[in-house]
1. For the range 195-205, state whether one or more residues are open to solvent by less than 60 Å² (accessible area, probe 1.4 Å) and either modelled with pLDDT of 75 or more or aromatic (Phe, Trp, Tyr) (or both).
2. Return the pair list, or none, for Cβ contacts closer than 8 Å from residues in the range 77-96 that are touching a residue at least 40 places away in the same chain (Cβ under 8 Å) and within 18 Å of Gly359 (Cβ to Cβ) to residues that are among the basic types (Lys, Arg) and not in a helix (DSSP H, G or I), at least 6 apart or on different chains.
3. Does any residue of the range 267-280 turn out to be surrounded by fewer than 18 Cβ atoms within 10 Å (Cβ to Cβ), of a type in the set (Ser, Thr, Tyr) and more than 19 Å from Gly397 (Cβ to Cβ)?
4. Right, Arg416: charged (D, E, K, R) and either at pLDDT below 85 or within 18 Å of Thr250 (Cβ to Cβ) (or both) or not?
5. Can you tell me which of (1) in contact with a Cys (Cβ under 6 Å, 6 or more places away or on another chain); (2) closer than 27 Å to Leu162 by Cβ is the one Ala306 doesn't meet?
6. Say whether the condition of being within 22 Å of Gly359 (Cβ to Cβ), open to solvent by 30 Å² or more (accessible area, probe 1.4 Å), among the aliphatic types (A, V, I, L, M) and more than 16 Å from the chain's Cα centre (by Cα) is met by at least one residue in the range 99-115.
7. Can you name every residue in the range 231-266 that is charged (D, E, K, R) and modelled with pLDDT of 85 or more?
8. Just name the residue that is most open to solvent (accessible area, probe 1.4 Å) out of those in the range 406-418 that are assigned to a helix (DSSP H, G or I) and not β-branched (Val, Ile, Thr).
Amino acid sequence: MTAADPDDRPLWRDHNFTIFWVVQTLSVGGASFSYVAIPLLVLDATGSVTQMGLLTGVAGAAAIVAGIGAGVLVDRVDRRTLLIWCDAVRALLYALIPLVWLFSPQLWLLYVVMPLGSAVAMVFQVGYASAVPNLVPASRITEANGRLFASYAAAGVVGPMLAGGLSALLGPTAAIGVDAATFAVNALGLCLVRFRRAGPTPDEGGSTRTRSRPGWDDLLVGARFLRRQPVLRALTGRLALLTFLTFGLTDLYIYHLKHDLARSDRTVGYVLAVAALGTIAAALLVAPARRRLGFGVCWIGSYTLAALGIVGLGAAALGLPGDARTVAALVTVVVFGTSVAGICSMSLRQEVTPDPLLGRVTSAFWTIHTAPGPLGAALLTVAAARWGTAWVFLLAGGASLAVVASALRTPIRRTRPERARVDEPLAATP
């Protein structure tokens with residue numbers, strides 16, 4: 001037995017990772033209830049896809065604002081404690097919706113809870129992404145992310161089906177209440193997890209420095225790191241465009257099923273549950289695919305597949321009356337492609353970023369590339385209300401293909417970009 005042996009044991013035998021894995025899976029399963037129920041609640045109350053897009057845009061904008069300072073917060077406080085507080089706050093926020101709806105529907109409350117919930121979720125996501133390298137060895141980051149995504153997707157299969165059925169039986173607010181309960185359970189579970197202690201904070205050149213009071217320079221450290229890392233710089237720009245084109249897709253899926261195909265809430269839940277199978281498949285395949293094919297082929301190929309799936313949704317919608325099974329199959333293709341690309345980009349970022357900077361780099365990465373999302377969601381849903389979902393799907397899919405094609409001329413195409421130093425030209429990598 002050697003000192004390195006513990007790093008080779010199965011991840012399920014790692015106590016801290018296993019607890020983290022279980023409670024996060026439960027939380028994602030609960031979140032899938034709100035994922036289905038919130039748009040249904042808005043659609044039932046207003047009948048407007050524009051209102052759905054507006055709420056999505058407002059929530060997305062709040063997440064972007066929160067993302068500006070989330071990285072500094074994650075890098076300066078105990079990450080486990082921060083995650084616990086984030087889940088506790090979200091439990092209270094989402095519990096307000098069913099409680100208030102017991103007396104009278106109040107649409108304005110959604111415009112309060114959703115932005116606040118999204119802001120807290122952004123802080124949580126930055127903390128979560130920064131925590132994974134504190135739980136597993138660097139050589140197992142992609143495997144750990146794959147396992148997390150796989151179990152999340154499994155919860156995502158069951159969650160939307162149950163949410164759709166519960167919404168049809170008791171109303172969407174009951175499904176939102178389930179989400180609130182899972183956040184509370186997740187907060188309690190995280191109390192049992194122990195993370196590795198991070199070292200001193202390095203500056204951009206790699207040297208260490210003492211922790212000073214946060215200022216604009218501290219906030220910009222993550223953005224500067226992204227600018228100096230060629231593949232992360234290219235990824236951030238392409239993902240900003242792709243987010244603009246795809247941020248509102250879930251609203252369009254639900255509106256297409258409910259409005260164009262006249263399907264029930266239960267059917268909406270089943271379609272989104274089937275689509276979650278795409279994430280499961282992606283999670284199982286991404287680690288061996290990246291080892292065998294490399295980063296560039298995996299990222300570019302998977303996003304190409306996703307864009308083709310969006311185009312397929314538009315083509316199928318032109319042939320109305322359509323079949324919900326066709327929608328489910330095509331959405332599964334989209335989810336599979338975006339999940340493979342997402343796991344690859346997250347793992348690469350975790351591999352090349354020093355741990356004490358990971359919160360700020362993750363925050364900068366997500367803030368920059370998600371910034372166009374709220375505007376995109378609003379424009380896509382307005383366009384769908386005016387011209388129909390078919391043409392919006394075709395436009396979004398075609399434009400996504402063009403964005404992905406542009407990545408072929410960037411460092412994204414490289415097979416092993418994780419081997420390059422921050423200040424090393426990527427062309428020098430094998």
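1. Looking only at the range 195-205, we keep the residues that are open to solvent by less than 60 Å² (accessible area, probe 1.4 Å), and these are 195, 198-199, 201-203.
In the following step, the residues that additionally are either modelled with pLDDT of 75 or more or aromatic (Phe, Trp, Tyr) (or both) were identified as 195.
Checking the range 195-205: at least one residue is open to solvent by less than 60 Å² (accessible area, probe 1.4 Å) and either modelled with pLDDT of 75 or more or aromatic (Phe, Trp, Tyr) (or both).
2. Taking only residues 6 or more apart or on different chains, the pairs are Arg80/Arg194.
3. no
4. yes
5. Going through the list (1) in contact with a Cys (Cβ under 6 Å, 6 or more places away or on another chain); (2) closer than 27 Å to Leu162 by Cβ, Ala306 breaks only (1).
6. no
7. The answer is Arg233, Arg238.
8. Step by step, filter the range 406-418, then rank; the result is Arg409.
The values are calculated or read from the model by the stated rules, or taken from the named source; none is laboratory data. The model shown is predicted, which means the values in this text are computed figures rather than measured ones. Please note: Cβ atoms are built from the backbone with ideal geometry, for glycine as well, and neighbour counts cover all protein chains shown. The accessibility values were calculated without ligands, DNA or RNA, using every heavy atom of the protein model including side chains. Shrake-Rupley method; radii C 1.70, N 1.55, O 1.52, S 1.80 Å.
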